[in-house]
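Each value in this text was obtained by applying a stated rule to the coordinates, not by laboratory testing. Remember, it's a predicted structure, so these values are computed and weren't measured experimentally. Virtual Cβ from ideal backbone geometry, glycine too; neighbours counted across all protein chains shown.
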Amino acid sequence: MIQLRYFASLRESLGIGDEQIELPDGVNNLPGLTRWLQRRGESWESALADTRLHIAVNQEIVKTDAAIVDGDEIAWFPPVTGG
Amino acid sequence: MIRVQADDFNTGAELERLRRENNGQAGAMVSFTGLVRDLNEGDNITQLTLEHYPGMTEKALKKIEAQANEQWDLTATLIIHRVGPLTPNDNIVLVVAASAHRKQAFRACEFMIDTLKTNAPFWKKETLIEGDRWITPGNSNK
C-alpha cells in the first residue's frame, strides 16, 4: 500500500485529503503515479498537471521524477504560504 | 524548541520563560511575532485559516532551527506556529533567537522566519465577505 495526501487548494480541487491505495502495477516513480492518478478524470488530470505543485515522499520534498516504492507516503501541495 | 498549535501563545510569557531559563548566557534575545492583518490586496479579511502537514511541518521547523544553530552561536531558539481558523489581530507565528551578542540573534531570527515562509508546509486561506481564497506566494504573503 502507498499513502497519498493532498493539501490546501489541491485538496479542495480533488475533494479528498488522503487515501491509501495499492501501488499500481508497473508504477515505480512519481511521473508514472501522477499519470495513473490523472486517468481518474478531468479534475485529476488538470489539478495534477499544475507544474507549481511540490511533491514530498515520506515527508521530504523530492524532485518530480523521484522513484517510489511500496509503503511510501506521497504528498502533493501548492507552494507554501506560512509565517 | 518548536511548537505547532491551534491555541494562542503569549509572546511576553514565552520571552520571560526563555529569559529565566537563560541563566546569564545570552546577552540578547530577538523575537519576531507575525499577526493576522485585516486587509490584504485591498480586501477586508474576516478569517484566516492555516493548514499544515502534520509530521512534515514539525520536521521542517526542527530543520530550520537546526540550520540556525549551525550557522550562528545561539543559546536558545524557539518557533511557535499556529494552525486552524484565526481572526484579524491574532498571533500567527513567534520566532525567537537568543545569543551572547545581538548581531547573531538578529540574523538568526531573520533567517528562521524567512526560511519558514518558503520551506515549511503551511498554507493560508483568507475568508472575505465574497468568499474564500487561497493565498499564493508573492506580494500577498511578504
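Tell me, what is the FRET efficiency for B:Glu130 and B:Asp90 to the nearest 0.05, using R0 = 30 angstrom and their Cβ-Cβ distance as r?
On the way: r = 21 Å, r/R0 = 0.71.
According to the calculation, E is roughly 0.90.
Show me, for segment B:28-40, the HN-Hα J-couplings you get by feeding each phi into the Karplus relation (A = 6.51, B = -1.76, C = 1.60, θ = phi - 60°), rounded to Hz, glycine and proline as x.
Ordered by residue, 3J(HN,Hα) equals 8, 10, 10, 10, 10, 10, x, 10, 7, 7, 8, 9, 9 Hz.
Please list the non-local residues whose amide H lies under 5 Å from the amide H of B:Phe122, H modeled 1.01 Å from N, same-chain partners needing a gap of 5 or more.
A:Thr81, A:Gly82
Going by amide H atoms built from the backbone, whose H comes under 5 Å of the H on B:Asn40, apart from near neighbours?
The answer is B:Ile45.
Placing unit charges on C-beta atoms (Lys and Arg positive, Asp and Glu negative, everything else neutral), compute the dipole magnitude of the protein assembly as shown about its Cα centre in debye, rounded to 20. Working shown, then result.
Details: 24 positive and 32 negative charges, 157 e Å.
The calculated dipole for the protein assembly as shown is roughly 760 debye.
Between B:Asn69 and A:Trp36, what is the label-to-label distance in nm when each label sits 7 Å out along the Cα-to-Cβ direction?
3.9 nm
Nearest 20 debye, what's the magnitude of the dipole of chain B about its Cα centre given +1 on Lys and Arg Cβ and -1 on Asp and Glu Cβ? Walk me through the intermediate numbers first.
Values: 17 positive and 19 negative charges, 98 e Å.
Dipole size: approximately 480 debye.
Search the structure for amide H atoms under 5 Å from the amide H of A:Phe7, placed 1.01 Å from N in the peptide plane, and list their residues when 5 or more places away or on another chain.
Close amide H contacts, sequence-distant or interchain: A:Trp76.
Evaluate E = 1/(1 + (r/R0)^6) for A:Ala49 and A:Asp18, where r is the Cβ-Cβ distance and R0 equals 22 Å; express this FRET efficiency to the nearest 0.05.
Working: r = 21 Å, r/R0 = 0.94.
Taking R0 as 22 Å, the efficiency between A:Ala49 and A:Asp18 is 0.60.
Could you tell me which of A:His54, A:Gly17, A:Tyr6 has its Cα farthest along the dipole of segment A:2-77 towards the positive end, charges placed at Cβ (Lys, Arg +1; Asp, Glu -1), taken about the Cα centre?
Checked the options; the winner is A:His54.
Within the set B:Lys63/B:Lys103; B:Lys59/B:Lys117; A:Lys63/B:Lys124, which residue pairs have Cα atoms separated by over 18 Å? Could you put the intermediate results ahead of the total?
Values: B:Lys63/B:Lys103 22 Å; B:Lys59/B:Lys117 15 Å; A:Lys63/B:Lys124 24 Å.
Checking Cα-Cα distances, B:Lys63/B:Lys103; A:Lys63/B:Lys124 exceed 18 Å.
Could you work out the mean count of beta carbons from other protein chains within 10 Å of each residue's beta carbon in B:46-56?
Numbers: counts 0, 0, 0, 1, 3, 8, 4, 8, 2, 5, 10.
Going residue by residue through B:46-56 and averaging, the value is 4.
Quick check on packing: order B:11-21, A:66-76 by the mean number of other C-beta atoms within 10 Å, highest mean leading. Write out the running numbers ahead of the final one.
Numbers: B:11-21: 13.1, A:66-76: 16.3.
Most protected by this proxy first, the peptides run A:66-76, B:11-21.
What whole-number distance in Å separates the alpha-carbon centres of segment B:1-28 and segment A:45-83?
Computed from Cα coordinates, the inter-centre distance equals 34 Å.
Taking Cα pairs under 8 Å and at least six residues apart, what relative contact order does segment B:2-131 come out at, in percent? Don't skip to the end; give the middle numbers.
On the way: 238 pairs, mean separation 51.5, N = 130.
Answer for segment B:2-131 is 40 percent.
Under the rule a/c < 1.5 gives rounded, and otherwise a/b versus b/c splits prolate from oblate, where does segment A:2-77 land using the Cα gyration tensor?
rounded
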